[in-house]
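Notes follow the structure.
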Amino acid sequence: MKHEKLIEIRKSKGISQSKMANALAMEQTTYSKKERGISPIHDFEWKRISKFLGVSLEELKAPNIEGEVNFIDKIQELIEENTNLKKLLKNQSN
């Protein structure tokens, strides 16, 4: 799972992935994998990230509501599309 909120906060503070990686004593590529959800972010790393960015853990880990809404909208679109395709197939078979 990509850590959208973390990315959003980091970028809003003008902090690069390289600077974050240095603060966490890791390579930029390692940090990038963690931010993108390819590698896990451990609890002690979350605490260091929180302190470095000056935000609470709760704020960092908060779900990205906009992304969740878009996901729900997409599911609804797919359901509608599926229903329309079923109707089309039924009409063609008649």
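A short reminder: the numbers here are calculations on the coordinates, not readings from a lab. No experiment lies behind these values; they were computed from the predicted model shown. Quick reminder, even Gly has a Cβ in these numbers, built from the backbone with ideal geometry, and neighbours come from all protein chains shown.
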Where q = 0.10, 0.14, 0.19 Å⁻¹, what log10 of I(q)/I(0) comes from the Debye formula for the chain, counting one point per Cα?
-0.41, -0.59, -0.87
Under the 7 Å Cα-to-Cβ spin-label approximation, K2 and K87 lie apart by a distance in nanometres of 3.3 nm
Distance (nanometres) between label positions extended 7 Å along Cα→Cβ at W46 and L78
2.7 nm
